[in-house]
């Protein structure tokens, strides 16, 4: 299920508040109506996103829809620490349709870690790897390859 946009959640909350105020002003019989409106206000955006089958993140910069099967992920290593998502997107867009860019940051310091992931149309993947692997970008030599599937994390709660 796709997540609703912030705007639709805000609209849902406003409807819920209006329904609550209306119920408190009118009779106690309105409690059923209020709870129905409250639930519907939260479910409507979810249903709308599911029926449309898209969300703002499922389209690329050219506003073309890319299905999940057509998108694969590239690992991009040795990125300059000053590089941002926009610069990396522009670089990869020269070699195909970019779906998303995620540059990894240290969770404690918030500083970039020098690597990231680019989701691209699968038919552009090899072209981007060939064109960008071992090339210089902002005075660093990039390492570009198809990302490996992330192994399932097993949390070990036993401390010895």
Cα pair count fraction exceeding 21 Å, expressed as % - segment 59-146:
25
Sorted by Cβ neighbour density within 10 Å, fewest at the top, the residues 82, 153:
153, 82
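Since every read-out is calculated from the coordinates, none of them should be taken as a lab result. No experiment lies behind these values; they were computed from the predicted model shown. Here Cβ is always computed from backbone atoms with ideal geometry, including for glycine, and neighbour counts include all displayed protein chains.
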